[in-house]
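> I am attaching a structure below and will ask some questions about it afterwards.
The values are calculated or read from the model by the stated rules, or taken from the named source; none is laboratory data. Note that the coordinates shown come from a computational prediction; the quantities given were computed from them, not determined experimentally. Counting neighbours? That spans all protein chains shown, and the Cβs are built from the backbone with ideal geometry, glycine included.
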Amino acid sequence: QVQLVESGGGLVQPGGSLRLSCAASGSIFGAMEWFRQAPGKQRTLVATITRAGTTHYADTVKGRFTISRDNAKNTVYLQINSLKLEDTAVYYCNAVDLMDGMEYWGKGTLVTVSS
């Protein structure tokens, strides 16, 4: 059974940093992504990393967010620096299962940026 579990969210002041983790289990995964959904807004793509390590970022987070992964641990990370109020959102992990081609989602972790 495929499962994705995010962790690392919390309350942080503007300018602070957080490291989010997403532990995937139950299969082998290709591309892994982080999305976020702010209150009252649609879920949007934040960053992507392929199994080989190629990365892509949304323009709004370039230079502040870094996505990485550990294939041996089936885990993807999102380092978030210089947090802004507008980064407040639930952050979701998404992964493509290489065995069946399906996409799977975690339940999300809440990041709140507030002074």
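> How many residues, within the stretch 89-115, are closer than 16 Å to residue 6 by Cα and out of contact with any helix residue (DSSP H, G or I) (no Cβ under 7 Å at 6 or more places or on another chain)?
Here the count works out to 17.
> Let me ask another. Please find, among 82, 68, the residue that is on the phi > 0 side of the Ramachandran plot and at pLDDT 95 or above.
So the residue among 82, 68 that is on the phi > 0 side of the Ramachandran plot and at pLDDT 95 or above is 82.
> Given the structure, is residue 39 at pLDDT 95 or above, within 28 Å of residue 115 (Cα to Cα) and over 12 Å from the mean Cα position of the chain (by Cα)?
It is false that residue 39 is at pLDDT 95 or above, within 28 Å of residue 115 (Cα to Cα) and over 12 Å from the mean Cα position of the chain (by Cα).
> While we're on this one: How many residues are more than 15 Å from residue 94 (Cβ to Cβ) and either assigned to a strand (DSSP E or B) or among the aromatic types (Phe, Trp, Tyr) (or both) if we restrict to the stretch 1-24?
Final tally of qualifying residues: 6.
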